[in-house]
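Q: Encoded as structure tokens, here's the structure I'll be asking about.
The values are calculated or read from the model by the stated rules, or taken from the named source; none is laboratory data. Please read all numbers here as calculations on a predicted model, not as lab measurements. Neighbour counts run over all protein chains shown; Cβ positions are idealised from the backbone, glycine included.
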Amino acid sequence: MPSRRSFFIFAFAGLWLAGLLGGFAALQAYAGRPGRIAAPAASAQAWLNAHRRPGRPLLVMAVHARCPCTDASLAELGDFLDRAHGACDALLLRYSPDRAEAPRPGETRVLGGVTVPLLADPDGRLAAELGALTSGSAVLVDAAGQIRFYGGLTLERGHRGRSPAQDALLALVADRHATARPAAPVYGCPLPSVAGFAPEVCQ
């Protein structure tokens with residue numbers, strides 16, 4: 001007959017294993033749970049076209065400077081730009097909780113061989129106008145000036161890997177008559193949707 005000590009050892013081991021499996025399941029569920037996104041506001045069309053070169057499509061991505069998923073989002077943006085072979089321009093909106101981290105005027109990054117300007121979005125107003133409520137949200141305006149896509153480029157939080165959204169963007173850039181993907185899941189930290197609201201960075 002097992003001793004009381006053995007019983008407690010087995011009980012503790014069982015609880016530990018159950019907790020470990022439960023935590024793993026929770027992490028997997030969190031990784032696959034998309035963030036909030038909204039359709040771009042009517043005023044976004046004019047803003048996008050004001051920042052677009054004539055006859056060129058433009059992809060704008062909004063990112064949170066401290067989001068751990070931002071690197072994966074930028075990597076997927078770079079992969080898309082590389083695959084587009086110079087057929088699409090890009091612009092980054094960067095929200096930074098600390099103003100000292102905001103991009104400087106004229107600051108750029110090279111992604112996929114394309115020089116991408118960085119634009120500070122200190123209170124998230126521009127991102128909110130574009131419907132970007134989650135870091136990694138992107139909006140594509142085509143060469144004719146029409147919004148054709150909004151959503152994310154990654155498959156899950158913080159993970160790289162070619163996504164259906166990236167393939168849809170390539171089709172839209174290559175062919176004006178390609179079927180638009182109106183929205184795609186986006187994975188990242190929340191961006192402020194009202195002035196003065198600074199979200200916590202996701203863990």
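Q: Kindly indicate the residue of segment 91-111 that is farther than 16 Å from C189 by Cα and among the small types (G, A, S) and also nearest to the chain's Cα centre (by Cα) among those meeting that condition.
A: Looking at residues that are farther than 16 Å from C189 by Cα and among the small types (G, A, S), I get A102.
Q: Name the pairs whose Cβ atoms lie under 6 Å apart, with the first residue in segment 162-173 and on the phi < 0 side of the Ramachandran plot, the second modelled with pLDDT under 90 and outside any helix (DSSP H, G or I), and 6 or more positions between them or separate chains?
A: Taking only residues 6 or more apart or on different chains, the pairs are S163/L155; A165/A184; A168/R181; A171/A178; L172/A178.
Q: Say whether the condition of being surrounded by fewer than 18 Cβ atoms within 10 Å (Cβ to Cβ), in contact with a helix residue (DSSP H, G or I) (Cβ under 8 Å, 6 or more places away or on another chain) and within 25 Å of D175 (Cβ to Cβ) is met by at least one residue in segment 79-88.
A: yes
Q: In addition: Any residue at all in segment 116-129 that's buried (at least 18 other Cβ atoms within 10 Å of the Cβ), modelled with pLDDT of 95 or more, under 12 Å from the mean Cα position of the chain (by Cα) and not basic (K, R)?
A: Taking every residue of segment 116-129 in turn, none turns out to be buried (at least 18 other Cβ atoms within 10 Å of the Cβ), modelled with pLDDT of 95 or more, under 12 Å from the mean Cα position of the chain (by Cα) and not basic (K, R).
For every residue, the table says whether it meets (1) touching a residue at least 60 places away in the same chain (Cβ under 8 Å); (2) among the hydroxyl-bearing types (S, T, Y).
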| residue | (1), (2) |
| --- | --- |
| L59 | yes, no |
| S73 | yes, yes |
| L81 | no, no |
| L91 | no, no |
| R99 | no, no |
| G112 | no, no |
